[in-house]
Amino acid sequence: MPVIKHKEQRVAVFIDTQNLYHSAKNLYKKKVNFGSILKECVAGRKLVRAIAYVITSEAGDEQGFFDALQKLGIETKTKDLQIFSGGAKKADWDIGLAIDAIKAAGKVDAIIIMSGDGDFVPLVEYLKTTGGCQVEIASFGRSSSSKLIETADDFMDLDFESGKYLIGGYKIWRN
């Protein structure tokens with residue numbers, strides 16, 4: 001059954017920035033056009049809030065990127081890159097994104113999660129059953145969890161017409 005989208009729906013968007021960044025880099029060797037994805041996902045509905053979860057690196061040269069997101073109307077929540085004694089690095093916002101989505105669920109009609117991370121399956125299930133809102137996923141299908149796609153009410157595959165969602169080139173991928 002197709003998901004219903006109408007202009008009066010209130011929408012909140014939660015962006016797993018690292019997931020989309022690495023997918024675009026690995027699949028296309030390009031950067032993500034977050035503004036284009038946001039516009040397409042919202043689809044003329046009322047955007048209540050858009051939050052990008054971002055990581056600050058050791059070099060700290062991300063400020064221009066953070067500023068660009070904010071100019072698009074996307075809030076940023078930052079976390080420092082964790083570096084462990086053995087040299088391992090960790091950059092994870094999954095819990096923060098999940099908590100914010102749960103808090104927003106009662107205030108919006110639809111939640112859009114921009115990520116293909118299968119770790120979000122329990123969140124999607126919870127939001128659909130307990131949160132009472134429609135849950136949509138936007139991500140590059142070739143690097144997305146099939147269970148996440150299956151669980152969501154709607155899935156926007158950024159691989160199709162990927163050039164609309166990438167900076168620096170247009171490439172179309174089809175099955």
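The values are calculated or read from the model by the stated rules, or taken from the named source; none is laboratory data. Since the model is a prediction, treat every value here as computed from it, not as a measurement. Every residue, glycine among them, receives a Cβ derived from its backbone with ideal geometry; neighbour counts consider all protein chains shown.
Below, the figures for the structure above:
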quantity	calculated
Scan of the range 106-140 for residues that are at pLDDT below 95 and either buried (at least 19 other Cβ atoms within 10 Å of the Cβ) or of a type in the set (Ser, Thr, Tyr) (or both), ordered by number	Thr129, Thr130, Gly131, Cys133
Some residue of the range 35-47 being over 16 Å from Glu136 (Cα atoms) and either out of contact with any helix residue (DSSP H, G or I) (no Cβ under 8 Å at 6 or more places or on another chain) or at pLDDT 85 or above (or both)	yes
Residues of the range 157-169 classified as crowded, with 20+ Cβ neighbours inside 10 Å and farther than 15 Å from Gly35 by Cα, total	1
Hits in the range 106-164 - residues which are aromatic (Phe, Trp, Tyr), outside any loop (DSSP other than H, G, I, E, B), in contact (Cβ under 8 Å) with a residue 24 or more places away in the chain and touching a strand residue (DSSP E or B) at 6+ places or on another chain (Cβ under 8 Å)	Phe120
Hits in the range 120-162 - residues which are more than 15 Å from the chain's Cα centre (by Cα) and closer than 20 Å to Ile99 by Cβ	Pro122, Glu125, Tyr126, Leu127, Lys128, Thr129, Thr130, Gly131, Gly132, Cys133, Gln134, Thr151
Count - residues of the range 1-59 that are of a type in the set (Lys, Arg) and part of a strand (DSSP E or B)	4
